[in-house]
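One structure is given here, and the rest of the page talks about it.
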Amino acid sequence: MRAKKPLQSAKQAAVRYLSRRDHAEQELQQKLLARGYEQAEVDEAVALCQDYNWLDDARFAERLLNNGIAKGWGLLRIRQEMVFKGIHEEVVSQLFEDDDFDWFEHAREVARRKYGDSPMESDKEKARRLRFMQSRGFDFEQVKYALGVDDEY
């Protein structure tokens, strides 16, 4: 059974989505297609939004980067979020190439906010903290730096 034709145009729907929050190009296309618009209508709506600079993957990726940092996420988690949202790999790579953010200090700050200055008294506690930091998207070198762990792990 085919979905009924939407009452508003794809352009109107795209503008409505973008008025609420930024979207990646692929994310917006998927939403419009899911609402029953034809591919040609979706392409036209996306092109219009890009022409008016309402839809910009680079700007959206930068916003995701800043939001991820504010949430205490690491580089790997933020990159994963960008891929999930459908941002093109070239845009993601360029953003992180131009980035001079200190991910090691960020990891240390996240660990300090979570655990304060309390020492790791057992191997179980050390493993728990390592897992937490890795789940936040920090690579192993950043985690070791943040927690002050030597190379025994």
>> Within the chain, which is the longest segment that contains none of the trypsin sites (Lys or Arg not before Pro) sitting in a DSSP loop with at most 11 other Cβ atoms within 10 Å?
In response: 22-153
> When the Cα centres of the range 102-153 and the range 65-91 are compared, how far apart do they sit, in Å?
Replying inline: 20 Å
> How large is the accessible surface per residue of the chain, computed with a 1.4 Å probe and reported in Å² as a whole number?
Replying inline: 62 Å²
> Under unit Cβ charges (Lys, Arg +1; Asp, Glu -1), what dipole magnitude, rounded to 20 debye, does the chain have relative to its Cα centre?
Replying inline: 1280 debye
>> Considering only protein heavy atoms and a probe of 1.4 Å, how much of the accessible area of the range 103-147 is carbon and sulfur, as a whole percent?
In response: 47 percent
> Got the relative contact order for the chain handy, in percent, Cα pairs under 8 Å and 6 or more residues apart?
Replying inline: 22 percent
>> Taking the Kirkwood radius as the inverse of the mean 1/r across Cα pairs, report the Rg/Rh of the chain.
In response: 1.15
>> Taking 25 Å as the cut-off for C-alpha to C-alpha distance, list the pairs among LYS85/LYS124; LYS11/LYS85; LYS85/LYS114; LYS11/LYS71; LYS85/LYS144 that go past it.
In response: LYS85/LYS124; LYS85/LYS114; LYS11/LYS71; LYS85/LYS144
> Can you give the FRET efficiency for VAL149 and ARG21, using 1/(1 + (r/R0)^6), R0 = 41 Å, r = Cβ-Cβ distance, to the nearest 0.05?
Replying inline: 0.60
> How much length is gained on full extension from ASP102 to GLN39, taking 0.36 nm per residue of separation minus their Cα-Cα distance?
Replying inline: 18.5 nm
> Counting only protein heavy atoms, what percent of the accessible surface of the range 57-96 is carbon or sulfur at a 1.4 Å probe?
Replying inline: 55 percent
> Can you list the GluC sites (Glu not before Pro) in the range 1-83 that are in a DSSP coil and have 14 or fewer other beta carbons within 10 angstrom?
Replying inline: GLU38
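The values are calculated or read from the model by the stated rules, or taken from the named source; none is laboratory data. Since this is a predicted model, take the numbers as computed values, not measurements. Backbone-built Cβ (ideal geometry, glycine too); neighbour counts: all protein chains shown. Please note that ligands, DNA and RNA were not included when accessible areas were found on the heavy atoms of the full protein model with its side chains. Shrake-Rupley method; radii C 1.70, N 1.55, O 1.52, S 1.80 Å.
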